[in-house]
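Below you'll find the structure I mean.
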Amino acid sequence: MREDHEEFLRATMGAMELVYNLARKFADRQEDAEDLVQETYLAAYRAWRDERRPRRVEPWIATICLNLGRSRYRNRLRRPSEVSIEEREVQAPRSADPERAAVAAMDRQALYEAMWRLPDGQRVAITLVDLAGFSTAEAARAMRTPRGTVLSRLHRGRRGLAVLLWDDVREVEER
Amino acid sequence: MKLWLRMRRHDPERNSAEYVSGELSARARRWFEHHLLDCEDCWREVLLGRFGRRVAEDAHEPVPLGLRDRVRAAVLLSSTDPPSGAVG
(Lines give C-alpha, C1' and ligand atoms only; values in the text may rest on other atoms or scores of the structure.)
Protein backbone atom coordinates (compact mmCIF):
# COMPACT_ATOMS: atom_id res chain seq x y z
CA MET A 1 0.00 0.00 0.00
CA ARG A 2 2.78 2.37 0.94
CA GLU A 3 4.69 1.64 -2.25
CA ASP A 4 1.52 2.31 -4.17
CA HIS A 5 1.15 5.88 -2.99
CA GLU A 6 4.85 6.60 -3.35
CA GLU A 7 4.77 5.38 -6.93
CA PHE A 8 1.73 7.56 -7.56
CA LEU A 9 3.37 10.65 -6.09
CA ARG A 10 6.59 10.05 -8.02
CA ALA A 11 4.63 9.82 -11.24
CA THR A 12 2.32 12.77 -10.67
CA MET A 13 3.99 15.45 -8.55
CA GLY A 14 5.76 16.86 -11.59
CA ALA A 15 2.36 17.77 -12.99
CA MET A 16 1.37 19.87 -10.00
CA GLU A 17 2.24 23.19 -11.61
CA LEU A 18 -0.01 22.32 -14.52
CA VAL A 19 -2.84 21.19 -12.24
CA TYR A 20 -2.53 24.29 -10.07
CA ASN A 21 -2.59 26.64 -13.03
CA LEU A 22 -5.57 24.79 -14.44
CA ALA A 23 -7.34 24.99 -11.10
CA ARG A 24 -6.65 28.71 -10.99
CA LYS A 25 -8.56 29.09 -14.23
CA PHE A 26 -11.67 27.86 -12.43
CA ALA A 27 -11.14 29.37 -9.01
CA ASP A 28 -10.29 33.02 -8.64
CA ARG A 29 -9.41 32.56 -4.96
CA GLN A 30 -6.08 30.86 -4.31
CA GLU A 31 -7.47 28.76 -1.45
CA ASP A 32 -10.24 27.41 -3.67
CA ALA A 33 -7.69 26.49 -6.33
CA GLU A 34 -5.61 24.67 -3.70
CA ASP A 35 -8.69 22.70 -2.63
CA LEU A 36 -9.36 21.75 -6.24
CA VAL A 37 -5.75 20.59 -6.67
CA GLN A 38 -6.02 18.38 -3.60
CA GLU A 39 -9.35 16.98 -4.77
CA THR A 40 -7.80 16.27 -8.18
CA TYR A 41 -4.87 14.38 -6.68
CA LEU A 42 -7.13 12.32 -4.44
CA ALA A 43 -9.40 11.41 -7.35
CA ALA A 44 -6.36 10.55 -9.46
CA TYR A 45 -4.96 8.41 -6.67
CA ARG A 46 -8.23 6.49 -6.35
CA ALA A 47 -8.11 5.77 -10.08
CA TRP A 48 -4.44 4.78 -9.79
CA ARG A 49 -5.23 2.28 -7.05
CA ASP A 50 -8.01 0.86 -9.19
CA GLU A 51 -5.32 0.17 -11.80
CA ARG A 52 -6.60 2.87 -14.14
CA ARG A 53 -3.13 4.16 -14.92
CA PRO A 54 -2.39 6.48 -17.79
CA ARG A 55 0.23 6.25 -20.50
CA ARG A 56 0.90 9.98 -20.06
CA VAL A 57 0.28 11.56 -16.69
CA GLU A 58 -0.25 15.22 -17.67
CA PRO A 59 -3.25 14.87 -20.00
CA TRP A 60 -4.79 12.32 -17.63
CA ILE A 61 -4.54 14.40 -14.48
CA ALA A 62 -5.47 17.59 -16.34
CA THR A 63 -8.65 15.89 -17.52
CA ILE A 64 -9.51 14.88 -13.95
CA CYS A 65 -8.97 18.48 -12.82
CA LEU A 66 -11.08 19.80 -15.69
CA ASN A 67 -13.96 17.48 -14.88
CA LEU A 68 -13.89 18.32 -11.18
CA GLY A 69 -13.54 22.03 -11.91
CA ARG A 70 -16.45 21.94 -14.32
CA SER A 71 -18.76 20.18 -11.90
CA ARG A 72 -17.72 22.33 -8.96
CA TYR A 73 -17.98 25.66 -10.76
CA ARG A 74 -20.77 24.84 -13.20
CA ASN A 75 -23.19 27.25 -11.62
CA ARG A 76 -20.76 30.00 -10.93
CA LEU A 77 -21.81 33.38 -12.17
CA ARG A 78 -19.56 34.30 -15.03
CA ARG A 79 -17.85 37.61 -14.88
CA PRO A 80 -19.16 39.83 -17.61
CA SER A 81 -16.55 41.75 -19.53
CA GLU A 82 -16.99 45.47 -19.24
CA VAL A 83 -16.11 45.74 -22.89
CA SER A 84 -16.69 42.96 -25.38
CA ILE A 85 -13.24 41.73 -26.27
CA GLU A 86 -14.46 40.32 -29.55
CA GLU A 87 -15.85 43.63 -30.68
CA ARG A 88 -13.18 45.92 -29.40
CA GLU A 89 -11.04 47.46 -32.08
CA VAL A 90 -7.34 47.08 -31.68
CA GLN A 91 -4.40 48.09 -33.72
CA ALA A 92 -2.26 45.07 -34.43
CA PRO A 93 1.21 45.09 -32.93
CA ARG A 94 3.66 46.71 -35.30
CA SER A 95 6.20 44.00 -34.94
CA ALA A 96 5.90 40.23 -35.23
CA ASP A 97 8.11 40.01 -32.18
CA PRO A 98 6.87 42.39 -29.48
CA GLU A 99 9.40 42.87 -26.70
CA ARG A 100 9.41 39.87 -24.42
CA ALA A 101 10.96 42.10 -21.80
CA ALA A 102 7.99 44.43 -21.97
CA VAL A 103 5.61 41.54 -21.35
CA ALA A 104 7.82 40.27 -18.53
CA ALA A 105 7.87 43.72 -16.92
CA MET A 106 4.10 43.97 -16.88
CA ASP A 107 2.17 43.97 -13.67
CA ARG A 108 1.42 40.31 -12.85
CA GLN A 109 -1.94 41.27 -11.48
CA ALA A 110 -2.90 42.82 -14.82
CA LEU A 111 -2.00 39.55 -16.55
CA TYR A 112 -4.10 37.45 -14.19
CA GLU A 113 -7.02 39.85 -14.41
CA ALA A 114 -6.88 39.77 -18.18
CA MET A 115 -7.00 35.97 -18.06
CA TRP A 116 -10.06 36.17 -15.86
CA ARG A 117 -11.86 38.37 -18.31
CA LEU A 118 -11.75 35.63 -20.93
CA PRO A 119 -14.64 33.17 -21.17
CA ASP A 120 -14.00 29.86 -19.36
CA GLY A 121 -13.47 27.80 -22.52
CA GLN A 122 -10.86 30.19 -23.88
CA ARG A 123 -9.04 30.34 -20.55
CA VAL A 124 -8.87 26.56 -20.29
CA ALA A 125 -7.73 26.14 -23.91
CA ILE A 126 -4.94 28.65 -23.35
CA THR A 127 -3.87 26.99 -20.12
CA LEU A 128 -3.65 23.55 -21.69
CA VAL A 129 -1.91 24.58 -24.91
CA ASP A 130 0.16 27.67 -24.04
CA LEU A 131 0.99 26.94 -20.42
CA ALA A 132 1.02 23.16 -20.28
CA GLY A 133 2.29 22.49 -23.80
CA PHE A 134 -0.54 20.18 -24.89
CA SER A 135 -1.15 19.76 -28.59
CA THR A 136 -4.55 21.03 -29.68
CA ALA A 137 -5.58 17.39 -30.24
CA GLU A 138 -4.69 16.52 -26.64
CA ALA A 139 -6.51 19.62 -25.38
CA ALA A 140 -9.56 18.60 -27.43
CA ARG A 141 -9.60 15.18 -25.78
CA ALA A 142 -9.20 16.69 -22.31
CA MET A 143 -11.91 19.28 -22.96
CA ARG A 144 -14.16 16.73 -24.73
CA THR A 145 -14.69 19.06 -27.60
CA PRO A 146 -13.75 18.99 -31.31
CA ARG A 147 -10.27 20.18 -32.21
CA GLY A 148 -11.75 22.92 -34.37
CA THR A 149 -13.50 24.33 -31.32
CA VAL A 150 -10.24 24.28 -29.37
CA LEU A 151 -8.46 26.13 -32.19
CA SER A 152 -11.17 28.74 -32.23
CA ARG A 153 -11.18 29.20 -28.43
CA LEU A 154 -7.41 29.28 -28.39
CA HIS A 155 -7.17 31.97 -31.02
CA ARG A 156 -9.96 34.08 -29.53
CA GLY A 157 -8.39 33.79 -26.10
CA ARG A 158 -4.95 34.81 -27.36
CA ARG A 159 -6.48 37.62 -29.32
CA GLY A 160 -8.46 38.71 -26.25
CA LEU A 161 -5.32 38.85 -24.13
CA ALA A 162 -3.54 40.86 -26.82
CA VAL A 163 -6.42 43.30 -27.04
CA LEU A 164 -6.67 43.69 -23.28
CA LEU A 165 -2.96 44.08 -22.64
CA TRP A 166 -1.52 45.72 -25.69
CA ASP A 167 -1.87 49.23 -24.25
CA ASP A 168 -0.10 48.11 -21.04
CA VAL A 169 2.83 46.74 -23.04
CA ARG A 170 3.18 49.96 -24.98
CA GLU A 171 3.18 51.85 -21.69
CA VAL A 172 6.05 49.68 -20.40
CA GLU A 173 7.97 50.12 -23.65
CA GLU A 174 7.67 53.89 -23.46
CA ARG A 175 9.03 54.16 -19.92
CA MET B 1 -8.24 16.13 -46.68
CA LYS B 2 -4.60 17.15 -46.39
CA LEU B 3 -4.06 20.00 -43.98
CA TRP B 4 -2.33 22.27 -46.45
CA LEU B 5 -5.19 21.78 -48.91
CA ARG B 6 -7.77 22.53 -46.23
CA MET B 7 -5.89 25.70 -45.38
CA ARG B 8 -6.56 27.02 -48.84
CA ARG B 9 -9.98 27.80 -47.43
CA HIS B 10 -9.60 31.25 -46.09
CA ASP B 11 -10.06 30.93 -42.32
CA PRO B 12 -7.75 33.44 -40.61
CA GLU B 13 -8.77 32.34 -37.11
CA ARG B 14 -8.14 28.63 -37.50
CA ASN B 15 -5.10 29.00 -39.73
CA SER B 16 -3.50 31.50 -37.36
CA ALA B 17 -4.19 29.31 -34.32
CA GLU B 18 -2.51 26.32 -35.97
CA TYR B 19 0.40 28.41 -37.20
CA VAL B 20 1.05 30.13 -33.88
CA SER B 21 0.75 26.78 -32.06
CA GLY B 22 3.38 25.30 -34.36
CA GLU B 23 1.06 22.55 -35.52
CA LEU B 24 1.39 22.94 -39.27
CA SER B 25 3.33 20.51 -41.40
CA ALA B 26 6.33 21.96 -43.20
CA ARG B 27 4.33 22.11 -46.43
CA ALA B 28 1.31 23.83 -44.84
CA ARG B 29 3.58 26.28 -43.05
CA ARG B 30 5.34 27.23 -46.28
CA TRP B 31 1.99 27.74 -47.97
CA PHE B 32 0.65 29.84 -45.10
CA GLU B 33 3.77 31.98 -44.82
CA HIS B 34 3.53 32.73 -48.52
CA HIS B 35 -0.15 33.58 -48.06
CA LEU B 36 0.68 35.93 -45.17
CA LEU B 37 2.61 38.17 -47.54
CA ASP B 38 -0.60 39.04 -49.35
CA CYS B 39 -3.29 38.69 -46.72
CA GLU B 40 -3.69 41.54 -44.27
CA ASP B 41 -6.41 39.72 -42.26
CA CYS B 42 -4.30 36.62 -41.62
CA TRP B 43 -1.19 38.68 -40.90
CA ARG B 44 -3.05 40.73 -38.29
CA GLU B 45 -4.48 37.60 -36.66
CA VAL B 46 -1.03 36.00 -36.52
CA LEU B 47 0.47 39.06 -34.84
CA LEU B 48 -2.30 39.21 -32.26
CA GLY B 49 -2.22 35.45 -31.71
CA ARG B 50 1.54 35.41 -31.26
CA PHE B 51 1.46 38.30 -28.83
CA GLY B 52 -1.45 36.72 -26.92
CA ARG B 53 0.46 33.45 -26.69
CA ARG B 54 3.49 35.23 -25.27
CA VAL B 55 1.30 36.94 -22.69
CA ALA B 56 -0.39 33.63 -21.84
CA GLU B 57 2.96 31.93 -21.31
CA ASP B 58 3.85 34.67 -18.89
CA ALA B 59 0.61 34.39 -16.92
CA HIS B 60 1.94 31.25 -15.33
CA GLU B 61 1.56 31.10 -11.53
CA PRO B 62 3.97 29.22 -9.28
CA VAL B 63 2.61 26.56 -6.95
CA PRO B 64 2.03 28.13 -3.51
CA LEU B 65 4.39 27.15 -0.74
CA GLY B 66 3.08 24.24 1.24
CA LEU B 67 0.66 22.91 -1.38
CA ARG B 68 2.92 20.03 -2.40
CA ASP B 69 3.27 18.95 1.23
CA ARG B 70 -0.46 19.29 1.78
CA VAL B 71 -1.23 17.08 -1.24
CA ARG B 72 1.40 14.51 -0.24
CA ALA B 73 -0.13 14.31 3.22
CA ALA B 74 -3.66 13.96 1.84
CA VAL B 75 -2.61 11.15 -0.50
CA LEU B 76 -0.69 9.41 2.26
CA LEU B 77 -3.72 9.60 4.53
CA SER B 78 -6.04 8.21 1.87
CA SER B 79 -3.62 5.36 1.13
CA THR B 80 -4.86 3.67 4.26
CA ASP B 81 -8.45 3.66 2.94
CA PRO B 82 -9.63 0.51 1.18
CA PRO B 83 -9.57 0.79 -2.65
CA SER B 84 -12.88 1.99 -4.07
CA GLY B 85 -13.56 -1.43 -5.62
CA ALA B 86 -13.07 -3.27 -2.32
CA VAL B 87 -16.06 -4.92 -0.69
CA GLY B 88 -16.17 -4.07 2.82
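A quick yes/no check of all residues on (1) modelled with pLDDT of 90 or more; (2) more than 24 Å from the chain's Cα centre (by Cα):
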site	(1), (2)
B:Trp43	yes, no
B:Gly52	yes, no
B:Ala59	no, no
B:Pro64	yes, no
B:Leu67	yes, yes
B:Gly85	no, yes
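Here is a further query. Somewhere in segment A:72-88, is a residue in a loop (DSSP other than H, G, I, E, B), surrounded by 16 or more Cβ atoms within 10 Å (Cβ to Cβ) and modelled with pLDDT of 80 or more?
The answer is no; no qualifying residue exists.
Does B:Ala17 satisfy being touching a Gly at 6+ places or on another chain (Cβ under 7 Å), at the interface with chain A (Cβ under 10 Å from one of its Cβ atoms) and either in a helix (DSSP H, G or I) or closer than 23 Å to A:Glu138 by Cα (or both)?
When the stated conditions are applied, B:Ala17 passes them.
What's the number of the condition B:Gly22 fails, among (1) in a loop (DSSP other than H, G, I, E, B); (2) at pLDDT below 90?
(2)
Further, regarding this structure: Every residue in segment A:23-61 that is of a type in the set (A, V, I, L, M), part of a helix (DSSP H, G or I) and within 18 Å of B:Ala59 (Cα to Cα), please.
A:Ala23, A:Ala33
Being touching a residue at least 24 places away in the same chain (Cβ under 8 Å) and either touching a Phe, Trp or Tyr at 6+ places or on another chain (Cβ under 7 Å) or not in a helix (DSSP H, G or I) (or both) is the filter here, so list the residues in segment B:28-49 that pass it.
Residues satisfying the conditions are B:Ala28, B:Trp31, B:Phe32, B:Cys39, B:Val46.
Condition check: farther than 17 Å from A:Phe134 by Cβ and modelled with pLDDT under 90. Does A:Arg24 satisfy that?
Criteria not met by A:Arg24.
Another question, then. With the condition being at pLDDT 75 or above, I'd like the helices (runs of 4 or more DSSP H) fully within segment A:95-175 carrying at least 1 qualifying residues.
Per the criteria, A:108-116, A:120-126, A:136-143, A:147-174.
Those residues that are surrounded by 14 or more Cβ atoms within 10 Å (Cβ to Cβ) and either in contact with a strand residue (DSSP E or B) (Cβ under 8 Å, 6 or more places away or on another chain) or more than 7 Å from chain B (Cβ to nearest Cβ) (or both), I need them from segment A:7-31; list them, please.
Correct list: A:Ala11, A:Thr12, A:Ala15, A:Leu18, A:Val19, A:Leu22, A:Ala23, A:Lys25, A:Phe26, A:Ala27, A:Asp28.
Then there's this: Name the single residue, out of those in segment B:23-49 being hydrophobic (A, V, I, L, M, F, W, C) and at the interface with chain A (Cβ under 7 Å from one of its Cβ atoms), that is surrounded by the fewest Cβ atoms within 10 Å (Cβ to Cβ).
That would be B:Leu47.
While we're looking at this one, here's another question. Within segment B:50-74, which residues are among the small types (Gly, Ala, Ser) and either within 7 Å of chain A (Cβ to nearest Cβ) or in contact (Cβ under 8 Å) with a residue 60 or more places away in the chain (or both)?
B:Gly52, B:Ala56, B:Ala59, B:Ala74
The values are calculated or read from the model by the stated rules, or taken from the named source; none is laboratory data. Computed from a prediction, not measured in an experiment: that's the story for all the values here. With ideal geometry, Cβ positions are generated from the backbone for all residues, glycine too; neighbour counts draw on all protein chains shown.
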